[in-house]
Amino acid sequence: EVQLVESGGGLVQAGGSLRLSCAAYGFTLNDYAIVWFRQAPGKQREGVSGISSRDGSTYYEDSVKGRFTISSDNAKNTVYLQMNNLKPEDTAVYYCAAEYGGSYYLYPPNYYNMNYWGEGTRVTVSS
C-alpha cells in the first residue's frame with residue numbers, strides 16, 4: 001500500500017538544473033514529512049533536504065543552500081526538489097524518505113527516523 005516513487009534524475013552538465021519528484025502513496029503529507037537523501041559511490045548516505053507540510057519546517061544541508069529548493073504539492077501528495085547550479089559533487093543516487101510527524105525547525109532529519117524509503121533516482125553531473 002505504502003510507496004514512495006522518485007523520478008526526474010538524469011545526466012546534466014555542471015551549472016545545469018534538474019527537478020526531482022517524490023510521489024507518495026498510502027499516506028498523506030499532513031502526517032509524514034518528506035526528506036531527500038543522497039548516496040555517492042564510496043560515501044555514506046546524507047540528508048540533503050526535508051520538508052514538513054504539517055508545520056512548514058524545512059531543512060537544507062549546507063552544501064546545497066541557495067542552490068536547491070524543496071516544495072510540496074499536497075493536492076498531488078508529491079514533494080519536489082528543484083536543483084540549480086548543479087556541481088559534479090552532487091552526483092549520487094537520490095532517495096526519497098518519509099518520517100511520521102517529522103519537524104525540522106530545530107533538528108535536521110535523521111536516517112534512522114525514516115519510516116519509508118523509495119528506490120532512488122540517479123543524478124549524474126558532468127564537468
*Calculate, for the chain, the solvent-accessible area per residue in square angstrom, rolling a 1.4 angstrom probe over the heavy atoms of the protein chains.*
53
*State the percentage of accessible surface on the chain attributable to carbon and sulfur atoms; use a 1.4 Å probe and exclude ligands, DNA and RNA.*
44
*³J(HN,Hα) computed for each position of the range 30-37 - Karplus, 6.51 cos²θ - 1.76 cosθ + 1.60, integer Hz, glycine/proline x*: 5, 9, 10, 6, 10, 10, 9, 10
*For the range 72-87, just list the computed ³J(HN,Hα) in residue order, Karplus coefficients 6.51, -1.76 and 1.60, θ = phi - 60°, integers in Hz, with x standing in for Gly and Pro.*
10, 10, 5, 4, 9, 6, 9, 10, 10, 10, 7, 10, 10, 6, 5, 10
_Average projection area in nm² (convex hull over Cα atoms of the range 45-127, one quarter of hull surface)_ = 5.8
*Set of lysines near Lys43 by C-alpha distance (under 24 Å), chain-local residues within fewer than 8 positions excluded*: Lys65, Lys87
*Remind me, relative contact order of the range 10-120 in percent, using alpha carbon pairs under 8 angstrom and six or more residues apart?*
33
_Strictly greater than 17 Å: what percent of every Cα pair in the range 1-79 meets that?_
51
*Could you tell me the distance between the Cα centroids of the range 64-124 and the range 5-37, to the nearest Å?*
6
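The values are calculated or read from the model by the stated rules, or taken from the named source; none is laboratory data. None of these values were measured; they are calculated from a predicted model. Please note that ligands, DNA and RNA were not included when accessible areas were found on the heavy atoms of the full protein model with its side chains. Shrake-Rupley method; radii C 1.70, N 1.55, O 1.52, S 1.80 Å.
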